[in-house]
Structures are given as C-alpha cells and as structure tokens.
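The values are calculated or read from the model by the stated rules, or taken from the named source; none is laboratory data. Everything numeric here is computed off the predicted structure, so don't read it as measured data. Note that each Cβ is placed from the backbone with ideal geometry, even for glycine, and that neighbours are counted across all protein chains shown. To get the accessible areas, we keep the full protein, side chains included, count just its heavy atoms, and leave off ligands, DNA and RNA. Shrake-Rupley method; radii C 1.70, N 1.55, O 1.52, S 1.80 Å.
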Amino acid sequence: MDAMAKTSTTTQGLRAAIERSGYYPALVAEAVEAAVGGEPIRSYLVHQETTFDQNEVRRHVTVLVLTGNRFIVSHTDEQAADSTSPTPYATTSTESVKLDRISSVVVSRVVANPEQYTPGTLPREVVLTIGWGAVSRIDLEPAACGDPNCDADHGYTGSSTADDLSLRVSEAGDGPETLRQALAFAQAISEATADVTR
C-alpha cells in the first residue's frame with residue numbers, strides 16, 4: 001500500500017471511529033480535521049468517557065492524533081443549560097503539540113493474574129500519560145531531618161510531575177478494540193518521540 005492510500009485509509013478510520021463514538025460526530029470531526037490540516041495521520045485514538053455529576057450524566061470525548069510532526073489533542077464536553085446559555089451546549093477544544101516538545105510518555109498496564117501472563121494478552125486496563133510541559137503538578141510536604149528531637153524549620157520538599165494528559169482505557173468499560181487501539185497509539189507516539197530525539 002502506498003503512502004497516499006495508507007493516509008486516506010487512516011483518515012477514514014479516524015472519521016469512522018469518531019462516528020462510532022456517537023458523540024456529536026460532526027462537531028468533533030470538524031474540530032479534529034481542522035487541527036490536523038493536510039498532514040498525514042500516523043495513528044489515532046478516540047476515547048469516550050461518561051461521568052455522573054449529581055443528577056446529571058455528562059459525556060466527554062478525547063481524540064488523540066499523531067502526525068509526522070505533531071501530537072493533536074481534542075476534548076469535547078457537553079454542558080447543561082446554565083446562566084450563560086438557556087439551552088444545553090458543547091465545547092470543543094484542540095491543542096497541537098510539536099513532537100519535540102513531548103518530554104514523557106508513560107504507559108501503565110494493569111494485568112490480572114500476572115503469574116499466568118503470556119505475551120500478547122491484553123491487559124485489563126491501560127493508563128496513558130503524556131507530558132509536554134503545559135501542565136505540571138507539584139506535591140509538597142514539610143521537610144524533616146533524622147533527629148526526632150529537632151524542632152527546626154527545614155522548609156519543604158516535594159516533586160514536580162508533568163501531567164498534561166492522562167487517559168485510562170479499560171477492557172470492561174471501553175472494550176477490547178479500544179484497548180488495542182490505545183496500546184497501538186501508545187507505541188506509535190513512543191516511537192515518534194524517540195525518532196525526534198535521534
């Protein structure tokens with residue numbers, strides 16, 4: 001398959017995944033396609049999440065797209081009518097990150113019965129965390145010394161963690177195909193960021 005045909009197939013696959021999510025597909029697809037522009041798509045992941053907020057059910061869809069030069073993140077949320085809008089509405093946003101800005105890709109796998117694990121078996125869930133420095137979390141705690149009788153102020157100690165995007169995909173909640181897609185996307189973005197640093 002030549003590069004042009006592969007690009008067309010991948011673009012159609014992304015559009016089909018957005019349609020399958022059933023979550024305002026025209027709105028989501030338009031925002032994602034505008035952000036991607038004419039760049040060929042290397043990999044993608046569409047993840048829908050439903051949350052319960054008091055008496056309301058809220059839906060959220062995240063679309064991740066990897067091109068040759070960029071990582072694109074799209075979030076779409078629905079909102080109930082409020083003081084700013086008499087009717088329900090949706091907000092959609094996209095962020096485009098150059099691949100050389102990505103500082104970390106963390107893939108956490110949860111595997112049942114690890115003593116019986118065989119290579120190629122799907123994990124129970126995957127958490128994909130990608131950091132590029134836009135959002136950091138700082139955890140601080142009072143510093144102490146080893147002397148139990150010391151009452152001096154030793155300041156604070158802590159850690160800073162890049163926390164730009166964290167996405168949890170589970171087989172039970174999202175199905176095996178979405179879990180496979182998440183693993184494929186994680187591998188593709190890991191490889192792409194490794195290529196940039198060479």
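Spin-label model, residue 149 to residue 116: label points 7 Å out along the Cα-to-beta-carbon direction sit 5.8 nm apart. Distance from the C-alpha centroid of segment 5-79 to that of segment 176-197: 16 Å, rounded to the whole angstrom.
Membrane-span-like helices in the chain, defined here as complete DSSP H runs extending at least 18 Å along the helix axis by their C-alpha atoms with mean Kyte-Doolittle hydropathy no lower than -0.5, are 3-21, 176-197; this is a sequence and geometry rule, not a statement about a membrane. Remark: accessible surface ordering of 47, 60, 75 (largest first) is 75, 60, 47, probe radius 1.4 Å. Taking the Cα centre of the chain as reference, the dipole from Cβ charges on Lys and Arg (+1) and Asp and Glu (-1) amounts to some 840 debye. Cα-based radius of gyration for the chain, normalised by 2.2 N^0.38 Å, reads 1.25.
Extending 7 Å from the Cα toward the beta-carbon at both residue 57 and residue 106 defines two label points whose distance is 3.2 nm. Between residue 156 and residue 194, residue separation times 0.36 nm minus the direct Cα-Cα distance comes to 10.2 nm.
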